[in-house]
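The values are calculated or read from the model by the stated rules, or taken from the named source; none is laboratory data. Please read these numbers as outputs of a predicted model, since none were measured by experiment. Please note: Cβ atoms are built from the backbone with ideal geometry, for glycine as well, and neighbour counts cover all protein chains shown.
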Amino acid sequence: MVKVRVWDLPTRLFHWALAVCVLALVITGNVGGEAMVWHFRFGYTVLTLLIFRVLWGFTGGLWSRWSSFHIHPTTVWNYLRQPSGTLAPGHSPLGALSALALLTMLLLQVATGLVSDDEITTAGPFVPWVTSSLSAWATNWHTEIGKLLLLMLIALHIAAIWFYRRFKKHHLTRAMVTGDQDFAHDVAASHDGFRPRLLGLVLWCVSAGLVYALIQSAP
């Protein structure tokens with residue numbers, strides 16, 4: 001077996017930071033009240049993470065790049081038909097679809113949260129910029145429909161990880177911690193040295209700066 005660096009450090013930090021923030025958002029959103037201050041803070045952090053991930057998809061390690069996401073219907077169909085047990089580096093076609101769905105749903109949740117208004121104590125910073133009907137729709141989506149769909153996608157994601165661990169003996173969680181996966185033959189590795197990590201830090205600062213500027217522009 002050959003040990004290959006698949007997930008670079010910035011990708012791994014993004015993954016676990018996003019998981020922690022989403023959990024915190026669920027908790028603070030359900031608690032409400034004064035916890036909503038932290039709900040917004042975690043929401044801004046998620047937006048920063050999402051912007052970073054978009055940028056990292058063009059500049060990051062080989063298997064973190066969008067070019068490694070093979071989601072063409074033919075590719076997905078061929079993947080479903082192939083014999084199980086073979087581990088490929090990076091995201092499988094289904095894994096890529098799952099990751100993109102999660103990122104899209106999170107972005108939609110953040111966007112709707114910015115213009116949501118419970119008409120009691122909590123309102124997003126950009127509510128004055130939208131109509132009352134749009135704000136009402138965004139609030140319903142953010143607190144009901146979108147929240148349910150996001151929780152379902154997360155549950156499906158966790159179930160897929162369990163399935164791969166239980167039936168295919170692939171330790172996907174461990175790989176996202178260490179960054180390495182074992183393969184029967186040599187495959188291309190993601191660069192994960194000092195320079196890529198420094199670039200990741202710079203892109204994170206740029207993403208945080210963009211979110212800060214966005215929030216400061218709120219009326």
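Quick notes on this one:
- Hey, Thr104 part of a helix (DSSP H, G or I), at pLDDT 95 or above and in contact with a Cys (Cβ under 9 Å, 6 or more places away or on another chain) or not: no
- From Gly146, Gly193, residue being at negative phi, of a type outside the set (S, T, N, Q) and either without any contact (Cβ under 8 Å) to a residue 12 or more places away in the chain or out of contact with any Ser or Thr (no Cβ under 7 Å at 6 or more places or on another chain) (or both): Gly193
- Only one of Arg174, Arg165 that is modelled with pLDDT of 90 or more, part of a helix (DSSP H, G or I) and more than 30 Å from Ala213 (Cβ to Cβ): Arg174
- Among the residues making up the stretch 45-95, those that are touching a helix residue (DSSP H, G or I) at 6+ places or on another chain (Cβ under 8 Å) and of a type in the set (Val, Ile, Thr) are Thr45, Val46, Thr48, Ile51, Thr59, Ile71, Thr75, Val76.
- Among residues of the stretch 117-136, those that are in a helix (DSSP H, G or I) and among the hydroxyl-bearing types (Ser, Thr, Tyr), counted: 3
- Applying the condition of being of a type in the set (S, T, N, Q) and buried (at least 17 other Cβ atoms within 10 Å of the Cβ) to the stretch 28-66 and asking which residue is farthest from Val211 (Cα to Cα) yields Ser64.
- In the stretch 56-71, the residues that are more than 13 Å from the chain's Cα centre (by Cα), in contact (Cβ under 8 Å) with a residue 40 or more places away in the chain and in a helix (DSSP H, G or I): Thr59, Leu62, Trp63
- Qualifying residue in the stretch 137-144 (condition: assigned to a helix (DSSP H, G or I), surrounded by fewer than 17 Cβ atoms within 10 Å (Cβ to Cβ) and of a type in the set (Asp, Glu)): yes
- In the set Phe183, Phe194, Phe167, only one residue is of a type in the set (Phe, Trp, Tyr), loosely packed, with under 14 Cβ neighbours inside 10 Å and closer than 21 Å to Trp7 by Cα; that residue is Phe194.
- Selection from the stretch 122-166 of residues that are among the β-branched types (Val, Ile, Thr) and farther than 19 Å from Ala101 by Cα: Thr122, Val127, Val130, Thr131, Thr139
- Meets criteria (at pLDDT 95 or above, over 21 Å from Phe42 (Cβ atoms) and either in contact with a Cys (Cβ under 7 Å, 6 or more places away or on another chain) or of a type outside the set (A, V, I, L, M, F, W, C) (or both)) for Asp192: yes
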